[in-house]
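Engineer: After the structure tokens below, expect a handful of questions from me.
The values are calculated or read from the model by the stated rules, or taken from the named source; none is laboratory data. Because the structure is a prediction, the values reported are computed rather than measured. Note: ideal-geometry Cβ built from the backbone for every residue, glycine included; neighbour counts use all protein chains shown. The protein model used for the area step is the full one, side chains on, heavy atoms only, and it has no ligands, DNA or RNA in it. Shrake-Rupley method; radii C 1.70, N 1.55, O 1.52, S 1.80 Å.
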Amino acid sequence: PARNKKLTIGILTVSDRAAANAYESGDLSGPMVESTIRRMIDSFNTSFKDQDLTVNDFVKGIVPDEKAQIEETLLCWSGKTLKREDSSVCNLIFTTGGTGFSPRDITPEATVSILDRECRGLMSWASIELTSKQPLATLSRAAAGVCGKTIIINLPGNPAGAAQVAELLFPILLHAIED
């Protein structure tokens, strides 16, 4: 990873129940992704003393499984629309949820519809790598790609699964952010 890199990372939870505050515990997957990324950044900075990788901001949100709301948020966070109060654009956006087979699971479709370039190989590789730990990883329909200069990655809604995929992909994504 690059020296002295300052990132803005978006974490968008896509869930009807989380958006309706139906979970007694609240959203668990979004905070799990944030803590995973923070831990990895601390580890990188400890391992590579000449590096100062920081997150300027974690932009966080929760939307229901509604294609238009997912698309609008992703476009806004990637700088394609100017609906955010501040003008910062995310380098990287993780979505959690909506990658399964339920009729309401439409996160990959919403994501692909706003991408400038899709990266199918990244999520295929993640599925293959994680299948030994969790065979259900093969059922993911997650998408990944670039919208403007922002990399967007779909993660599963399960907090442990979201953390596993984020941990696997984050080092590779740091190199992609460089480009």
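Engineer: Sort through Asp52, Asp86, Asp42, Asp65 and tell me the only one that's modelled with pLDDT under 95 and more than 21 Å from Pro171 (Cβ to Cβ).
Structural biologist: Asp86
Engineer: Follow-up. Sort out which residues of the range 1-19 are in contact (Cβ under 8 Å) with a residue 60 or more places away in the chain and either surrounded by fewer than 14 Cβ atoms within 10 Å (Cβ to Cβ) or among the basic types (Lys, Arg) (or both), and write them in order of number.
Structural biologist: Those that are in contact (Cβ under 8 Å) with a residue 60 or more places away in the chain and either surrounded by fewer than 14 Cβ atoms within 10 Å (Cβ to Cβ) or among the basic types (Lys, Arg) (or both): Ala2, Lys5.
Engineer: Exactly one condition in (1) without any contact (Cβ under 8 Å) to a residue 40 or more places away in the chain; (2) of a type in the set (Ser, Thr, Tyr); (3) in contact with a Ser or Thr (Cβ under 6 Å, 6 or more places away or on another chain) is false for Ser132; which is it?
Structural biologist: Among (1) without any contact (Cβ under 8 Å) to a residue 40 or more places away in the chain; (2) of a type in the set (Ser, Thr, Tyr); (3) in contact with a Ser or Thr (Cβ under 6 Å, 6 or more places away or on another chain), Ser132 violates only (3).
Engineer: Oh, and also: Can you name every residue in the range 20-40 that is open to solvent by less than 40 Å² (accessible area, probe 1.4 Å) and in a helix (DSSP H, G or I)?
Structural biologist: If the condition is that a residue be open to solvent by less than 40 Å² (accessible area, probe 1.4 Å) and in a helix (DSSP H, G or I), then Ser29, Gly30, Val33, Glu34, Thr36, Ile37, Met40 are the ones that fit.
Engineer: Can you list residue pairs whose Cβ atoms sit under 9 Å apart, with the first residue in the range 145-171 being of a type in the set (A, V, I, L, M) and the second being surrounded by fewer than 22 Cβ atoms within 10 Å (Cβ to Cβ) and in a strand (DSSP E or B)? Count only pairs 6 or more apart in sequence or on different chains.
Structural biologist: From the range 145-171, the pairs are Val146/Arg117; Val146/Glu118; Ile151/Gly145; Ile152/Gly145; Ile152/Val146; Ile153/Gly145.
Engineer: If you check every pair at least six apart or on different chains, which have Cβ atoms under 8 Å apart with a residue in the range 33-50 that is hydroxyl-bearing (Ser, Thr, Tyr) first and a residue that is surrounded by fewer than 18 Cβ atoms within 10 Å (Cβ to Cβ) and assigned to a helix (DSSP H, G or I) second?
Structural biologist: If the second residue must be surrounded by fewer than 18 Cβ atoms within 10 Å (Cβ to Cβ) and assigned to a helix (DSSP H, G or I), the pairs left are Thr36/Glu167.
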